[in-house]
Amino acid sequence: MNKGIKYFLYVLIGIVLLVILIGLGGFLYLRANIFSFETEKNPIHIDQLDDNGYTYYDRNNNGQLDVYEDSRRSTEDRVADLLSQMTTEEKIHILKGSGLASAIGMVNEDEGGIPGVVGTIVPTARLGLPAINLSDGPAGLRIESHRENDESTYFCTAFPIGSLLSSTWNKELVNQVGYAMGTEAKEYGIDVILGPGANIHRHPLCGRNFEYYSEDPVLTGDIGAAMVNGIESNGIGTAVKHFVANNQETNRNRNSVEVSERAMREIYLKGFERIVKQSQPWSLMSSYNKVNGTYVPESHYYLTEVLRDEWGFEGLVMTDWFGGDNAKAMIKAGNDLLEPGTNNQWKALKKAAKNEDLSSADIDKSAARILKMIIESKKMQGYEYSNQPDLKAHAMITRQSASEGLVLLKNEAALPIAGTPTVGLIGMSSFNFIAGGTGSGDVNEKYIISLDQGITNVGLKINEEAQSIFDRHKEAHKEEFKQKDAIQTMLNPNQPPEISYTPEQIENISKGSDLAIITIGRNSGEGGDRVEQDDFLLTATEQELIKQTCEIFHRQDKKVIVVLNIGGVIETASWRDLPDAILLAWQGGQEGGNAVADVLTGRVNPSGKLPMTFPIHLNDHASNANFPLDGSKMDPIQMLIDQIIEPNDADIKNVGYTDYAEGIYVGYRHFDKQHMTVSYPFGYGLSYSEFALSDYTVKITDDTISVQLIVSNTGKVVGKEVVQVYSAMPESKIDRPINELRSFEKTKLLAPGESQQLKLTFLKSDLAYWDEQKDSWVIEPGQYLIKAGRSSRDLEMSDTISIL
């Protein structure tokens, strides 16, 4: 049957069945089985005194101080007391969230609901346990900014995307961003932020790469841990996601990742492991996908044996929304909380408990982890949130972190811009800057500073003809420029059309300008993957735009700068020789335009380094042979059909399953092993200054390897430098990467002529590889090179150590 006809029939069937469902009382069914929503209804008696004068919350109204009400007691004791008082049904009740209603914003504000939260942990009214609010938040909270019958506003800060934050290579700065994000959550009554994202950039076209940090697990883990520690220092929880191997959006709910245990251990699990061991997050979110045929939320191996028994994780695991298949199997595996939760799941768990298919020990184990989170929450402490976070201070942190994560890819005497010249601002995205990606990584911010605003704010002038061309273009495309809500942008992340400039227009702009700045914009997000044509590759319009602008401006000895306002890697090799400078701006949140202007004018010296490789061709990636390249987007109608008719896609390559045939050779590990030329290597980034490395030493003390060196600013501009340490084993008998990142540090702001001694450390066990025959980590004895430098392809310092 023709695919188009088949699809039409599926849609028609879906619509007809939906109408019948509604006509036969579908709403009542949904209300009974899915759209449940529970809020805190039990009154709490405050300011009760025990015999010793201790003030406490009498949560169960029994007139006495219970152990769980006593904040002086340990969390363990309080949880044990709660378990002893709860019925089996109450315990099962907290194992699932409040229902789809909470996930789509159907909340009762009078009973503690916060519009825009995507889920909750249900309250236990009899014991006075509050509901716990969960909010999206990889780049800032996602709650409703306006509320019914309320003149106040509840805007949140749009912080830079994950790929930009990892480009700072600055753990201290990312920790500060996390602290600001956590503060905002605390003052808005949010208990847990659903983030950060710690999946690996396996392939450039993954739609959610912007949320994730890197192609390397060490950079991912250390930056992720800094973010978690910053957020949780406020007493606010995180849910590190998506555990594990969620590296494509296409068919993410059913796709099975077929991967070796070595690749899982060394690449996909390693970042999560570092986060767990460095920050002990309150929770992890299990991923939708299967690994080798088993849904991750139902995998006892990954959720219990690896995560808890091996790594020592102490928090809870929650599903991604509607993740997994079997409620009982998820609880038994160690997936404690089912979100957003349905009555069907509740019924299934009660039935399993009654039939003893789900033991009381399994129920208590998961309930205890959830109760631990409740006990340690600000809500349980009676914190009175203000709804007035310091948005101005957070905007300053956003601007600082955004500017430090910008990566200068090329500079031939074009930057920094001196004086107050007139800029020929070219390209639609120059005036319509992208703050961040779509889906759960979206934010309802108060404003977005575009590049034209940022340039004006630092005193530069914008060519009037360039401004006029954009204004006319925007007027001609009113519908495309209308601001879309989170759901609309997730379904259609495409930007308005690019401006098609005539040669005469570029010529006119050049005559009244001292230089040109072209902005190339890209966006993507949850629910779909990117494509190669007109996304990874520049469009024909963009190619012509760069070519014409460079030709016309260069004839007049005027510089051309290209700014990349993108969320993921694009092709650069075919056009990078044309402009005089290329600045990778990423998506810098609401202060993105100001941050770019700061770097363009030298107010900030760029110090960002690439957290991933920019290849020559997309097919240069080994993973390109096994990745869905058609860029399928989220389709609500198809999702409805799939719920009615189970899709038969298990055997479809890169849809039902994806073969991680490249193994451990992801990103620079692959490019280095194959000795391939790349456009820009992992860890690369230029500065307006020059830095020298000296006095390099490597020592082994017990189980720690220490690297010490001096970084000197030998240039004329104050700036920061990143030092990256890699290990290599040229004579290895094992198939292993040429170089692997082991540690990194960023200097303080160094004045010209100033030096700083850095000490970088990593564990000897970090040199181990996963031996699949022994099913364990093994440190290969022999000679190791410990290298240091500015990128994976610029490692000028080296010393040898022996491991016996």
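Quick notes on this structure:
- The listed residue being β-branched (Val, Ile, Thr), modelled with pLDDT under 50 and closer than 30 Å to residue 136 by Cα, out of 34, 92: 34
- All conditions but one from (1) part of a loop (DSSP other than H, G, I, E, B); (2) over 22 Å from the mean Cα position of the chain (by Cα); (3) surrounded by fewer than 17 Cβ atoms within 10 Å (Cβ to Cβ) apply to residue 501; the one that does not is (3).
- The set of residues in the range 693-714 being more than 35 Å from the chain's Cα centre (by Cα) and under 27 Å from residue 401 (Cβ atoms) consists of 714 alone.
- Taking the range 80-112 as the range and being open to solvent by less than 10 Å² (accessible area, probe 1.4 Å) and farther than 26 Å from residue 365 by Cβ as the test, only 101 passes.
Table: residues versus (1) in contact with a Pro (Cβ under 9 Å, 6 or more places away or on another chain); (2) among the β-branched types (Val, Ile, Thr); (3) exposed (fewer than 15 other Cβ atoms within 10 Å of the Cβ).
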{"site": "625", "(1), (2), (3)": "no, no, yes"}
{"site": "632", "(1), (2), (3)": "no, no, no"}
{"site": "657", "(1), (2), (3)": "no, no, no"}
{"site": "678", "(1), (2), (3)": "yes, yes, no"}
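Conditions (1) within 30 Å of residue 670 (Cα to Cα); (2) open to solvent by 10 Å² or more (accessible area, probe 1.4 Å); (3) modelled with pLDDT of 95 or more, marked per residue:
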{"residue": "138", "(1), (2), (3)": "yes, yes, no"}
{"residue": "161", "(1), (2), (3)": "yes, no, yes"}
{"residue": "180", "(1), (2), (3)": "no, no, yes"}
{"residue": "202", "(1), (2), (3)": "yes, no, yes"}
{"residue": "210", "(1), (2), (3)": "yes, no, yes"}
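- Residues located in the range 770-804, provided they are touching a helix residue (DSSP H, G or I) at 6+ places or on another chain (Cβ under 6 Å), closer than 27 Å to residue 306 by Cβ and part of a loop (DSSP other than H, G, I, E, B): 772, 779
- Complete set of residues in the range 577-589 that are open to solvent by 10 Å² or more (accessible area, probe 1.4 Å) and either touching a helix residue (DSSP H, G or I) at 6+ places or on another chain (Cβ under 9 Å) or in contact (Cβ under 8 Å) with a residue 24 or more places away in the chain (or both): 578, 580
- Pairing residues of the range 750-763 that are within 14 Å of residue 698 (Cα to Cα) with residues that are open to solvent by 70 Å² or more (accessible area, probe 1.4 Å) and in a loop (DSSP other than H, G, I, E, B), at Cβ distances under 7 Å and at least 6 apart in sequence or on separate chains, gives 763/703.
- Being more than 30 Å from residue 135 (Cβ to Cβ) and at pLDDT 75 or above holds for only one residue in 2, 60, 52, and it is 52.
- Tabulated pairs, the range 133-161, first among the polar types (S, T, N, Q), second open to solvent by 10 Å² or more (accessible area, probe 1.4 Å) and part of a strand (DSSP E or B), C-beta under 6 angstrom, 6+ apart or interchain: 145/153
- Filter result for the condition that a residue is on the phi < 0 side of the Ramachandran plot and in contact with a strand residue (DSSP E or B) (Cβ under 8 Å, 6 or more places away or on another chain), over 603, 669: 669
- Put simply, of 73, 78, 126 the only residue that is at pLDDT 95 or above, outside any helix (DSSP H, G or I) and over 21 Å from the mean Cα position of the chain (by Cα) is 73.
- Residue within the range 634-647 that is within 29 Å of residue 488 (Cα to Cα), at pLDDT below 95, open to solvent by less than 30 Å² (accessible area, probe 1.4 Å) and outside any helix (DSSP H, G or I) present: no
- Exactly one residue out of 190, 223, 231 is over 21 Å from residue 567 (Cβ atoms), in contact (Cβ under 8 Å) with a residue 40 or more places away in the chain and in a helix (DSSP H, G or I): that is 231.
- Residues that are open to solvent by 60 Å² or more (accessible area, probe 1.4 Å) and either under 27 Å from residue 169 (Cα atoms) or among the small types (Gly, Ala, Ser) (or both), drawn from the range 756-780: 757, 759, 761, 763, 765
- Count - residues of the range 781-793 that are in contact (Cβ under 8 Å) with a residue 40 or more places away in the chain, over 28 Å from the mean Cα position of the chain (by Cα) and open to solvent by 60 Å² or more (accessible area, probe 1.4 Å): 1
- Residues that are touching a Phe, Trp or Tyr at 6+ places or on another chain (Cβ under 8 Å) and assigned to a loop (DSSP other than H, G, I, E, B) were ranked within the range 417-442; the one that is surrounded by the fewest Cβ atoms within 10 Å (Cβ to Cβ) is 432.
The values are calculated or read from the model by the stated rules, or taken from the named source; none is laboratory data. Treat the numbers as computed from the prediction; the structure is a model and nothing was measured. Reconstructed Cβ throughout: ideal geometry from the backbone, glycine too, with neighbour counts over all protein chains shown. What goes into the accessible areas is simple: the full protein's heavy atoms, side chains included, and nothing from ligands, DNA or RNA. Shrake-Rupley method; radii C 1.70, N 1.55, O 1.52, S 1.80 Å.
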